[in-house]
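Below is one structure, written out as structure tokens; the observations come after it.
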Amino acid sequence: MGLGKLSIILSLLLLLTSCGSQTKPIEITTTVENSEIPTQAPPAPVKMLDVTWYVVTEENFEEFKKKFVSTNGVFVFFAVSPKDYEALSLNLEEIARYIKQQKQIIVFYEKAIKK
């Protein structure tokens, strides 16, 4: 073997062994950090508009028609059967139930993120 090849092999050997002799132990630490999650302000309260309900029967239809035209200018109105009125009432109650449950969920999570 030539002197050049021997010097290359020795140089590589020194480079490889010198890296392995200076190993440092790895130190692993765990830290817990709590994130600050701001709670949001509640939405503005619901502002409902007034609605006038009329009960119209065969007996008061003509009187209703005169009064309605004098108040509103035209004879156009919407009618709901008693069964449909009940369904409307139950639907509004269902919406109120849903909103209350959503509010409870929001309160639960707001309490969960407080320290």
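Please count how many residues of the range 57-115 are closer than 30 Å to Thr39 by Cβ and either over 27 Å from the mean Cα position of the chain (by Cα) or not hydroxyl-bearing (Ser, Thr, Tyr) (or both). Before you say what the answer is, go through the steps one by one.
Filtering the range 57-115 for residues closer than 30 Å to Thr39 by Cβ gives 92-115.
Still in the list and also either over 27 Å from the mean Cα position of the chain (by Cα) or not hydroxyl-bearing (Ser, Thr, Tyr) (or both): 92-97, 99-108, 110-115.
Result for the range 57-115: 22.
Does at least one position in the range 11-26 carry a residue that is of a type in the set (Ser, Thr, Tyr), part of a loop (DSSP other than H, G, I, E, B) and either modelled with pLDDT under 75 or surrounded by 10 or more Cβ atoms within 10 Å (Cβ to Cβ) (or both)? Step through it out loud before you land on a result.
Step one: of the range 11-26, the residues of a type in the set (Ser, Thr, Tyr) are 11, 17-18, 21, 23.
From what's left, part of a loop (DSSP other than H, G, I, E, B): 21, 23.
Right, trim to either modelled with pLDDT under 75 or surrounded by 10 or more Cβ atoms within 10 Å (Cβ to Cβ) (or both) and you get 21, 23.
Yes, some residue in the range 11-26 is of a type in the set (Ser, Thr, Tyr), part of a loop (DSSP other than H, G, I, E, B) and either modelled with pLDDT under 75 or surrounded by 10 or more Cβ atoms within 10 Å (Cβ to Cβ) (or both).
For Lys103, indicate whether it is modelled with pLDDT under 95 and exposed (fewer than 10 other Cβ atoms within 10 Å of the Cβ).
Values: modelled with pLDDT under 95: yes; exposed (fewer than 10 other Cβ atoms within 10 Å of the Cβ): no.
Spelling it out, it is not the case that Lys103 is modelled with pLDDT under 95 and exposed (fewer than 10 other Cβ atoms within 10 Å of the Cβ).
Report whether or not Leu6 is over 30 Å from Lys111 (Cβ atoms) and among the aliphatic types (A, V, I, L, M). If you could, list the steps in order and put the result at the bottom.
Details: over 30 Å from Lys111 (Cβ atoms): yes; among the aliphatic types (A, V, I, L, M): yes.
Taking the combined requirement at face value, the residue satisfies it.
Given the criterion of a type outside the set (S, T, N, Q), surrounded by 10 or more Cβ atoms within 10 Å (Cβ to Cβ) and out of contact with any strand residue (DSSP E or B) (no Cβ under 6 Å at 6 or more places or on another chain), identify the matching residue among Lys83, Lys65.
Values: Lys83 fails: surrounded by 10 or more Cβ atoms within 10 Å (Cβ to Cβ).
None of the others qualify; the one that does is Lys65.
Working only within the range 51-62, note down all residues that are free of Cβ contacts under 8 Å to residues at least 12 places away in the same chain and either closer than 19 Å to Ser81 by Cβ or surrounded by 11 or more Cβ atoms within 10 Å (Cβ to Cβ) (or both). It would help to see each step written out before you state the result.
To start, the set of residues in the range 51-62 that are free of Cβ contacts under 8 Å to residues at least 12 places away in the same chain comprises 51-53, 55, 57-62.
Selection gives Val51, Thr52, Trp53, Val55, Thr57, Glu58, Glu59, Asn60, Phe61.
The values are calculated or read from the model by the stated rules, or taken from the named source; none is laboratory data. The model shown is predicted, which means the values in this text are computed figures rather than measured ones. Quick reminder, even Gly has a Cβ in these numbers, built from the backbone with ideal geometry, and neighbours come from all protein chains shown.
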